[in-house]
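The values are calculated or read from the model by the stated rules, or taken from the named source; none is laboratory data. These numbers were taken from a predicted model, which means no experiment stands behind them. Reconstructed Cβ throughout: ideal geometry from the backbone, glycine too, with neighbour counts over all protein chains shown.
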Amino acid sequence: MKNIAMIFTMLLLFSSCKQDKQEEKVEEKTQTEMQKNLSKYVSVKLTTDLAKLSENERKMIPILIKAANKMNSLFWHEAYGDNTELLNSISDEDTKKFIMINYGPWDRLNGNKPFVQSVSEKPAGANFYPQDMSKEEFEASEIDDKSSIYNFVRRDETGKLYSIPYHKQFESEVKEVSALLLEASELAEDKGLQKYLELRAKALLDDEYQESDLAWMDMKTNTIDIVIGPIETYEDQLFGNKAAHEAYVLIKDQEWSERLAKFSAYLPELQKGLPVDEAYKQETPGTDSDLNAYDVVYYAGDCNAGSKTIAINLPNDEEVQLQKGTRRLQLKNAMKAKFDKILVPISEVLIDSSQRKHITFDAFFANTMFHEVAHGLGIKNTINDKGTVRTALQEHSSALEEGKADILGLYMIQQLTKKGELTEDIKDHMVTFMAGIFRSVRFGASSAHGKANMIRFNFFKEKGAFSRNEDGTYKVNFENMETAMTELSNLILTLQGNGDYEGVAKLVAEMGIVTEELQADLDRLSSADIPVDVIFEQGTEVLGL
């Protein structure tokens, strides 16, 4: 009997040890997987030379950073909702860190796939709409300010849909941000900046942003800048309509900005030469546009989620764009970090060795810059009374607009090179552009930029703009790329001008995909430990303030 008891005890111990080891292996696997997720990002310090700032400007920076930081909690509400319960339910610190990078439990660089157990797919409308609301229900509803980009849609006790303006939903938060902007305005030595901060402080309290957008366009001599408020509509993938909160705190690089100042003046001439029928280029782009280089010292909210923006083209208000154009802000320090830590390593794996000499920072900077300038080209309103392009194309509008800006940016470089205004080798721009496709396509289908690059890669492949060597590297065919560039420009501008929702949906479905061969090549980048994007060490302490 004692022997039986002893054997039974040993079996229990063995079973327990086996179970412990199995649990340990599961935990080890999960941990490794999360570390792999985190390794998709490389950390970068956001710093700049503060010696050029005046005493008042140095005092402004911490106030503006404090105001910008408030955008994080507002964007969390828009992207997910209250994150308290989610974070309290997670014990693993790596998982918590990844949640914070993504502003939710969905991996933005992997098609928004959930990475936390028991979490379902991300709603296409994020937290802007009720999760059980269909597009048909919204379109049939009678909601106040239905087309507004500055409100949430909710259900009342009877199930009826209604709207809540942002300034009501976030009443206490926007009052605090408004007060901080007014505090900063009192330190502003630049009159244009002072006026903008005062008007932006007011706009946050009533969601009337146009006056502050116009004031922002009028700023010409400021060194300090802040972009703050509900701006881009990428997070709303149901209709592409609701704006999400974000902020950047910026310091102008005066030397680089001087080099860029002349290019916006060419917009009307380039508009006339677009490779599309006359009906699609009747609008005249504003020429009051600024083209400047900045060091960014703080990101918050939408622009800080997943893949990070390296250039800004604003305002998005079509009326302001037609009246005054836009301001294009190149974020030089963030751009340089991505070039050094991501683009160059990508080229060493995927670009033909004979063409790697054409990968240059100047070309990367120019490609990114003219992408932003090219947002001002083309058409903002459909030619057949379907309203604005953004309204007509709904959730596909952002991806197609980013695709337009990419391809027309290269078109601008081609045209300005022919005019002798750009002296760099056009081959530098084309090969760097090709490497840039691999960089951006890794952002995934949940990103408008990622989807735009998938479409362009597949279109270029179809047109023979590049070839793939046996060793898995890619070689640009310069002549074919110019032809493909012209044809894709024509296609995108026509789809936008027609407000052709079905045509765009077909293009996205057929070409907005990553093929098995391309995925295998992208996997080689991961195997080489090349990060997908950056995360920031940022704030007053990093700046030494």
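State all residues of segment 262-283 that are charged (D, E, K, R) and either modelled with pLDDT of 85 or more or closer than 19 Å to residue 496 by Cβ (or both); if no residue qualifies, say none. Listed by number, the residues that qualify are 269, 272, 277, 278, 281, 283.
When residue 21 is tested against (1) modelled with pLDDT under 95; (2) surrounded by 13 or more Cβ atoms within 10 Å (Cβ to Cβ); (3) of a type in the set (Lys, Arg), exactly one condition is not met: (2). Got at least one residue in segment 152-170 being under 22 Å from residue 63 (Cβ atoms), aliphatic (A, V, I, L, M) and surrounded by fewer than 22 Cβ atoms within 10 Å (Cβ to Cβ)? Scanning segment 152-170 turns up no residue that is under 22 Å from residue 63 (Cβ atoms), aliphatic (A, V, I, L, M) and surrounded by fewer than 22 Cβ atoms within 10 Å (Cβ to Cβ). Would you point out the residue of segment 280-306, among those that are out of contact with any helix residue (DSSP H, G or I) (no Cβ under 7 Å at 6 or more places or on another chain) and not in a strand (DSSP E or B), that is nearest to residue 98 (Cα to Cα)? Going through the qualifying residues, I end up with 304. The requirement of being in contact with a helix residue (DSSP H, G or I) (Cβ under 7 Å, 6 or more places away or on another chain), of a type outside the set (Phe, Trp, Tyr) and in a helix (DSSP H, G or I) is not satisfied by residue 274. The set of residues in segment 344-386 being polar (S, T, N, Q) and under 21 Å from residue 427 (Cβ atoms) consists of 347, 353, 354, 355, 360, 367, 368.
Filter segment 527-537 for residues that are touching a residue at least 60 places away in the same chain (Cβ under 8 Å) and surrounded by fewer than 18 Cβ atoms within 10 Å (Cβ to Cβ); which is farthest from residue 304 (Cα to Cα)? Spell out the reasoning first.
Within segment 527-537, the subset touching a residue at least 60 places away in the same chain (Cβ under 8 Å) is 528-537.
Checking which are surrounded by fewer than 18 Cβ atoms within 10 Å (Cβ to Cβ) leaves us with 528-529, 537.
Working: 528: 25, 529: 22, 537: 12 Å.
If we take residues in segment 527-537 being touching a residue at least 60 places away in the same chain (Cβ under 8 Å) and surrounded by fewer than 18 Cβ atoms within 10 Å (Cβ to Cβ), then 528 is farthest from residue 304 (Cα to Cα).
Just so you know, in segment 473-486 the residues that are in contact (Cβ under 8 Å) with a residue 40 or more places away in the chain and of a type outside the set (Lys, Arg) include one that is nearest to residue 275 (Cα to Cα), and it is 486.
Of the residues making up segment 474-530, those that are over 30 Å from residue 280 (Cα atoms), in a helix (DSSP H, G or I) and of a type in the set (S, T, N, Q) are 519, 526, 527.
Quick one: is residue 379 hydrophobic (A, V, I, L, M, F, W, C), touching an Asp or Glu at 6+ places or on another chain (Cβ under 7 Å) and outside any helix (DSSP H, G or I)? Judged against the criteria, residue 379 is a match. Restricted to segment 137-179, and to residues there that are without any contact (Cβ under 8 Å) to a residue 12 or more places away in the chain and part of a helix (DSSP H, G or I), the residue that is farthest from residue 64 (Cα to Cα) is 140. Scanning segment 185-211 for residues that are over 27 Å from the mean Cα position of the chain (by Cα) and either within 21 Å of residue 81 (Cβ to Cβ) or among the aliphatic types (A, V, I, L, M) (or both) yields 187, 188.
Just to be sure before I move on: is residue 121 without any contact (Cβ under 8 Å) to a residue 24 or more places away in the chain and either more than 27 Å from residue 454 (Cα to Cα) or touching a Ser or Thr at 6+ places or on another chain (Cβ under 8 Å) (or both) in the structure I sent? No.
With respect to the conditions (1) over 24 Å from the mean Cα position of the chain (by Cα); (2) in contact (Cβ under 8 Å) with a residue 40 or more places away in the chain; (3) over 30 Å from residue 531 (Cα atoms), residue 129 falls short on a single one, namely (1).
Given 196, 266, which one is buried (at least 19 other Cβ atoms within 10 Å of the Cβ) and not in a loop (DSSP other than H, G, I, E, B)?
196
Only residues that are surrounded by 24 or more Cβ atoms within 10 Å (Cβ to Cβ) and either within 13 Å of residue 240 (Cα to Cα) or β-branched (Val, Ile, Thr) (or both) were counted across segment 402-418, and they come to 2.
I'd like to know if segment 313-334 contains one or more residues that are over 21 Å from the mean Cα position of the chain (by Cα), modelled with pLDDT under 90, over 16 Å from residue 226 (Cα atoms) and polar (S, T, N, Q). Yes: one or more hits.
In summary, residue 424 fulfils each of the numbered conditions (1) at pLDDT 90 or above; (2) over 20 Å from the mean Cα position of the chain (by Cα); (3) charged (D, E, K, R) with the single exception of condition (1).
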